[in-house]
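Everything on this sheet refers to the single structure shown next.
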Amino acid sequence: MENPVLVEVTRGNRVESRHRGMVVAVDGDGKVVFALGDIDAAVFPRSACKAMQALPLVESGAADAYGFGAKELALACASHNGEPEHVALAARMLAAAGRDVSALECGAHWSSDQAVLIDQARTLERPTALHNNCSGKHAGFVCAACHTGTDPKGYVGYDHPIQAEIRGAMESLTGAALAHDNCGTDGCSIPTYAVPLKALAHGFARMATGTGLAPGRARASKRLIDACMAEPFFVAGSRRSCTKLMQIAPGRIFAKIGAEGVFCAALPDKGIAIALKCADGASRAADAMVAATLARFFDDTPEIKASLMAHANHAMRNWNGIHVGDVRVTGALAA
């Protein structure tokens, strides 16, 4: 199946670029309520599935033992900018378990946000692992290991108990078998698994609704989703799509981007979750795709729908502020 063109980018009066993709929205029972493209294709969710990967932090009792609230849980699900607030909170999470930055195995990198990067370049000799966009997630791994008496060393490895717990949680949520044959290595060095797009959406729908989950997992899932919606800045940061989308409808939208054009989202009060991938990996197209897909489910709230469509369809300006073109979703996605 050829995936349809879902986003166009114009320059002047011409279409300069086209982005194909696949999108699926499902309910807690796995019923498809909207779909475009090859929704059975396996995709690496990358960072879009961090809320699933954070389940052992809550289910083990570590989050409660260390006194973690919504900010810490949101950071455990985050791909953050490395802003000072993110860095400081990741350090406090590690300190709660008696650890420091040396326990992190995610590597270090400069911020991907230009404003934050400039500030870092002015104030830092070099970034540490705390500045890594995944430091909150990794701090959560370390905390879960320490609380359960597991040596956190090597926690990024496929065979480490923490990764085995994550693999089991993701299998139970998505119904997909996860093993070496569909495993790759993510940017932060942990395993990432190729999962059918529909199964990924169903996993988030189950997290958002609790459908089919044991009571403890349902509570942990709700707690993580609620934490992200309550503290969107700690899920991403300033000027980020995840933050903006969740701020459009506070407490009603959960959204999490992944690398290579993946996005997952959930509408807990509607019992629906979304998974999508821009086929060429472009995040600008994935941003537009998720906003337009979310907008389909807000016919009852015109102001939210309009804000989401404004996020999906927006002008591009050059360095002089001149309007040079537009990013816009095609008729297949237009809500």
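Within the range 199-207, the presence of at least one residue that is crowded, with 17+ Cβ neighbours inside 10 Å, more than 17 Å from residue 268 (Cα to Cα) and touching a strand residue (DSSP E or B) at 6+ places or on another chain (Cβ under 9 Å) is confirmed. Within the set of pairs 6+ apart or on separate chains, which have a first residue in the range 28-52 that is closer than 22 Å to residue 5 by Cβ and open to solvent by 50 Å² or more (accessible area, probe 1.4 Å), a second that is assigned to a helix (DSSP H, G or I) and not charged (D, E, K, R), and C-beta atoms under 7 Å apart? Taking only residues 6 or more apart or on different chains, the pairs are 42/182.
Selection of the range 263-272 for residues being open to solvent by 10 Å² or more (accessible area, probe 1.4 Å) and under 13 Å from residue 226 (Cα atoms) yields 268, 269.
A Cβ distance below 9 Å, combined with a sequence gap of six or more or placement on separate chains, defines the contacts here; from the range 58-87, residues that are on the phi > 0 side of the Ramachandran plot reach residues that are aromatic (Phe, Trp, Tyr) in the pairs 82/110. Output yes when any residue across the range 65-85 is more than 14 Å from residue 232 (Cα to Cα), among the charged types (D, E, K, R) and within 21 Å of the chain's Cα centre (by Cα), and no when none is. Looking through the range 65-85, none of the residues is more than 14 Å from residue 232 (Cα to Cα), among the charged types (D, E, K, R) and within 21 Å of the chain's Cα centre (by Cα). Within the range 108-152, the set of residues being part of a helix (DSSP H, G or I), among the hydrophobic types (A, V, I, L, M, F, W, C) and free of Cβ contacts under 8 Å to residues at least 24 places away in the same chain comprises 117, 118, 121, 145.
Do you know which of the residues in the range 167-193 that are of a type in the set (A, V, I, L, M, F, W, C) and within 20 Å of residue 32 (Cβ to Cβ) is surrounded by the most Cβ atoms within 10 Å (Cβ to Cβ)?
In this case the residue turns out to be 173.
Residues in the range 75-90 that are out of contact with any helix residue (DSSP H, G or I) (no Cβ under 6 Å at 6 or more places or on another chain) and open to solvent by less than 10 Å² (accessible area, probe 1.4 Å): 86 only. Just one of the listed residues (231, 260) is in contact with a Gly (Cβ under 7 Å, 6 or more places away or on another chain), open to solvent by 40 Å² or more (accessible area, probe 1.4 Å), under 30 Å from residue 110 (Cβ atoms) and of a type in the set (Asp, Glu), and it is 260. Listed by position, the strands (runs of 3 or more DSSP E) contained in the range 271-335 that have at least 3 residues being more than 15 Å from residue 6 (Cα to Cα) and of a type outside the set (D, E, K, R) are 272-278, 323-329. The residues of the range 234-257 that are under 24 Å from residue 43 (Cα atoms) and either open to solvent by 20 Å² or more (accessible area, probe 1.4 Å) or small (Gly, Ala, Ser) (or both), listed by number, are 236, 240, 241, 255, 257.
The values are calculated or read from the model by the stated rules, or taken from the named source; none is laboratory data. All values derive from a computational prediction rather than experimental measurement. As a convention, Cβ positions derive from the backbone with ideal geometry for all residues, glycine included, and neighbour counts pool all protein chains shown. What goes into the accessible areas is simple: the full protein's heavy atoms, side chains included, and nothing from ligands, DNA or RNA. Shrake-Rupley method; radii C 1.70, N 1.55, O 1.52, S 1.80 Å.
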